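Single-structure report; data block below.
The values are calculated or read from the model by the stated rules, or taken from the named source; none is laboratory data. This one's a predicted model, so the numbers in the text were calculated from it and none came from an experiment. Using ideal geometry, Cβ is built from the backbone for each residue, glycine included, and neighbour counts are taken over all protein chains shown.
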Amino acid sequence: MYIGYGRLSLDQNASRLEALKEQLQNAGAERVFVEQTSVAGPFTERNAALAHCVKGDVLIVQMPIQLAQSVSELLEIAYGLEEKGAVLSIQAIGVSTDTVLGRTMIRTMQVMLQFQRDAARERQIESVAKAKAAGKYRGRMPTAGEKAAQVLDLARRGVTREDIAQRLGIGVATVYRLLRRAKSEPTGGQGEAPE
């Protein structure tokens with residue numbers, strides 16, 4: 001069975017849904033799923049179309065951006081269909097995963113995605129090394145637990161839990177948790193944490 005899927009973004013005119021449906025039917029789709037949703041989803045109709053695909057089916061889309069929001073998501077969908085024995089056909093670029101060219105295009109996208117990830121990681125490593133060499137690398141930001149000594153000091157001076165949280169940029173619940181932890185741990189001669 002030929003299954004069509006199309007998506008319009010929220011800023012596009014809803015009346016175009018019928019035109020999109022017609023395009024997919026003209027491309028051979030016997031069952032059509034269309035929706036108008038944001039880039040973030042939800043993709044109810046897309047998920048329904050993918051669930052509907054079984055061995056021997058062809059999922060037709062006009063453009064890759066209608067089906068997936070990233071190359072990695074497109075690859076995930078293409079490989080998911082391949083595992084089911086179904087085919088992905090992208091009309092705008094003339095790619096179908098049941099042809100040698102289509103499979104080659106998908107594999108090429110995968111290689112390019114991996115290259116992009118590796119290049120980004122390499123740039124990050126180089127940037128950190130340069131910052132360390134220049135003495136500008138500070139590492140990760142301190143976590144709330146690393147502010148325990150400051151919390152204890154302020155509490156001993158009579159500062160309220162809410163003021164401690166505000167001054168240190170942490171949550172009130174974190175202040176209470178750090179004070180409870182300090183109270184239950186051995187004090188090492190520094191006295192108890194304030195109640």
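Residues that are within 23 Å of ILE77 (Cβ to Cβ) and not polar (S, T, N, Q): does segment 120-139 have at least one?
yes
Where residues in segment 19-43 are assigned to a strand (DSSP E or B) and in contact with a strand residue (DSSP E or B) (Cβ under 8 Å, 6 or more places away or on another chain), which of them is farthest from LEU74 (Cα to Cα)?
Ranking the candidates gives ARG31 first.
Check THR108 against each of (1) at pLDDT 90 or above; (2) β-branched (Val, Ile, Thr); (3) not in a loop (DSSP other than H, G, I, E, B) and name the one condition it does not meet.
Failed condition: (1).
Which is within 33 Å of the chain's Cα centre (by Cα) and either exposed (fewer than 14 other Cβ atoms within 10 Å of the Cβ) or part of a helix (DSSP H, G or I) (or both), of GLY145, GLY158? Talk me through it step by step, then tell me what you get.
Working: GLY158 fails: within 33 Å of the chain's Cα centre (by Cα).
After ruling out the rest, the residue left standing is GLY145.
Restricting the search to segment 165-180, which residues are of a type in the set (Ser, Thr, Tyr) and either surrounded by fewer than 17 Cβ atoms within 10 Å (Cβ to Cβ) or in contact with a Ser or Thr (Cβ under 8 Å, 6 or more places away or on another chain) (or both)?
Residue satisfying the conditions is TYR176 alone.
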